[in-house]
Amino acid sequence: MALLWCTACSDRRVRDDATMGAARLLIQHPEQIPAVLQQITDADDDWILERACYAAYTALLRAGSAATWNGAAHAVWEMVIAPAPRANAVLRDVARSLISRAQEHGALADGIDIGRTRPPYDTPWPIT
């Protein structure tokens, strides 16, 4: 978890190293992926959420089981898409990728509407 908080840093090199470190830890402990994603859900920094999803997706691609894909897809659905799709295009894209791959693995959590993960999204322009 501490590594994921480092992804809020304005220095891209620190964010990249923290993301890769978190991914390596999650590859070794893939059963922790859903719990990590659920714990990070309340973060109000999109960089943290993006990088947590990237680390989880990387670890799932390397070492994910059906149960971890299911749990991660549910956590990402609740974090990024379910309430209302977030305006951050990168975050929506990684969420869509993770959820789509979970579906390909036959591990899509109940209650996920795969159609809502695909564009066009009903989000306001982030310009004020």
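The values are calculated or read from the model by the stated rules, or taken from the named source; none is laboratory data. Everything quoted here is computed from the prediction, not taken from an experiment. Glycine also receives a Cβ, built like all others from the backbone with ideal geometry; neighbour counts cover every protein chain displayed.
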Exercise. Taking the residues in region 99-128 that are within 21 Å of Gln38 (Cα to Cα) and assigned to a helix (DSSP H, G or I) as candidates, determine which candidate is nearest to the chain's Cα centre (by Cα).
Key: Ile99
Practice problem: Only residues in region 73-97 that are of a type in the set (Asp, Glu) count as the first member; pair them with residues that are modelled with pLDDT under 95 and surrounded by 20 or more Cβ atoms within 10 Å (Cβ to Cβ), Cβ under 8 angstrom, at least 6 apart or cross-chain, and list the lot. | Solution: none
Exercise. Please go through region 57-83 and pick out each residue that is more than 13 Å from the chain's Cα centre (by Cα) and crowded, with 24+ Cβ neighbours inside 10 Å.
Key: Gly64
Quiz item: Restricting to region 61-98, what's the tally of residues that are assigned to a helix (DSSP H, G or I) and closer than 18 Å to Ala23 by Cβ?
Solution: 18
Exercise. Scan region 37-60 for residues that are assigned to a helix (DSSP H, G or I) and β-branched (Val, Ile, Thr) and jot them down.
Key: Ile40, Ile48, Thr58
Quiz item: What number of residues within region 4-19 satisfy the criterion of being free of Cβ contacts under 8 Å to residues at least 24 places away in the same chain, of a type outside the set (Val, Ile, Thr), farther than 16 Å from Asp44 by Cα and in a helix (DSSP H, G or I)?
Solution: 4
Quiz prompt | Tabulated pairs, region 112-125, first on the phi < 0 side of the Ramachandran plot, second loosely packed, with under 10 Cβ neighbours inside 10 Å, C-beta under 7 angstrom, 6+ apart or interchain | solution = none
Quiz item: Somewhere in region 57-77, is a residue among the β-branched types (Val, Ile, Thr), within 15 Å of Ile112 (Cβ to Cβ) and out of contact with any His (no Cβ under 7 Å at 6 or more places or on another chain)?
Solution: yes
Self-check item: Matching option when the condition is over 27 Å from Pro119 (Cβ atoms) and surrounded by 15 or more Cβ atoms within 10 Å (Cβ to Cβ), among Pro30, Pro34
Solution: Pro30
